[in-house]
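Note sheet for the following structure.
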Amino acid sequence: MKGIDHIGIAVHSLEKALPLYTGTFQLSHIKTEVVESQKVKVAFIDVNNSKIELLEPTSDDSTIKKFLDKKGEGIHHIAFKTDDIYQELENLASQGVRLIDETPRIGAGGALVAFIHPKTTFGVLYELCQKQKQK
């Protein structure tokens, strides 16, 4: 793992949350996009060598909506950078780490992502994130 890529924060509304980061904290809004496969709208905020990913559900059956209903707004996950997500998943599985995703899926920005089950990591949801090479 190469460091922290981003911290995911679940929010009810990007429109209401963004001003805290871009105004009060004076951070830069990189981009906003919808990730249809995960039923979420995300906004990335630049924090020097890492990012904050604000997550707003786009559907009542979104995992982010379920998270918000159960726990309220706040930190949802921490994402680690990796250059080889397949190898990382294999290494974790061989050590008995419970995985939510045994194979990566496409996440925001076209990155390959996979989640580690929080029951294995003392209640913290971790994501592995491998950025796709730019063409």
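Pick out the one residue from VAL42, VAL34 that is surrounded by fewer than 19 Cβ atoms within 10 Å (Cβ to Cβ) and closer than 17 Å to ARG105 by Cα.
One residue alone meets the criteria, VAL34.
Against the conditions (1) modelled with pLDDT of 95 or more; (2) within 16 Å of the chain's Cα centre (by Cα), where does GLU15 fall short? Just the number, please.
Of the numbered conditions (1) modelled with pLDDT of 95 or more; (2) within 16 Å of the chain's Cα centre (by Cα), the odd one out for GLU15 is (2).
Among the numbered criteria (1) in contact with a His (Cβ under 7 Å, 6 or more places away or on another chain); (2) more than 25 Å from LEU18 (Cβ to Cβ); (3) in contact (Cβ under 8 Å) with a residue 60 or more places away in the chain, which one does GLU127 miss?
Here GLU127 meets the rest and fails (2).
Taking segment 61-83 as the search range and keeping residues that are touching a helix residue (DSSP H, G or I) at 6+ places or on another chain (Cβ under 9 Å) and assigned to a loop (DSSP other than H, G, I, E, B), which one is surrounded by the fewest Cβ atoms within 10 Å (Cβ to Cβ)?
Of everything passing the filter in segment 61-83, GLU73 is surrounded by the fewest Cβ atoms within 10 Å (Cβ to Cβ).
Go through (1) surrounded by fewer than 19 Cβ atoms within 10 Å (Cβ to Cβ); (2) modelled with pLDDT of 95 or more; (3) not aromatic (Phe, Trp, Tyr) for LYS135 and report which single condition fails.
It is condition (2) that LYS135 fails.
Tell me which residues, restricted to segment 32-57, are within 15 Å of PRO19 (Cα to Cα) and in contact (Cβ under 8 Å) with a residue 40 or more places away in the chain.
Within segment 32-57, VAL42, PHE44, ILE52, GLU53, LEU54, LEU55, GLU56 qualify.
Could you please let me know if LEU27 is crowded, with 16+ Cβ neighbours inside 10 Å, touching a helix residue (DSSP H, G or I) at 6+ places or on another chain (Cβ under 6 Å) and among the hydrophobic types (A, V, I, L, M, F, W, C)?
Yes.
Kindly indicate the residue of segment 104-121 that is part of a loop (DSSP other than H, G, I, E, B) and either acidic (Asp, Glu) or in contact with a strand residue (DSSP E or B) (Cβ under 7 Å, 6 or more places away or on another chain) (or both) and also farthest from ILE30 (Cα to Cα) among those meeting that condition.
HIS117
Tell me, which residue of segment 105-124 that is more than 12 Å from ALA79 (Cβ to Cβ) and either in contact (Cβ under 8 Å) with a residue 40 or more places away in the chain or of a type in the set (Val, Ile, Thr) (or both) is surrounded by the most Cβ atoms within 10 Å (Cβ to Cβ)?
THR120
Which of (1) within 29 Å of PHE122 (Cβ to Cβ); (2) of a type in the set (S, T, N, Q); (3) assigned to a loop (DSSP other than H, G, I, E, B) does GLN87 not meet, given it meets every other one?
If we test GLN87 against (1) within 29 Å of PHE122 (Cβ to Cβ); (2) of a type in the set (S, T, N, Q); (3) assigned to a loop (DSSP other than H, G, I, E, B), just (3) comes out false.
Select from segment 73-111 the residues that are closer than 15 Å to GLN130 by Cα and charged (D, E, K, R) and write down the one among them that is farthest from the chain's Cα centre (by Cα).
GLU90
The values are calculated or read from the model by the stated rules, or taken from the named source; none is laboratory data. A quick note: this is a predicted structure, and the numbers were derived from the prediction, not measured. For neighbour counting, all protein chains shown are included, and Cβ atoms are generated from backbone atoms with ideal geometry for every residue, glycine included.
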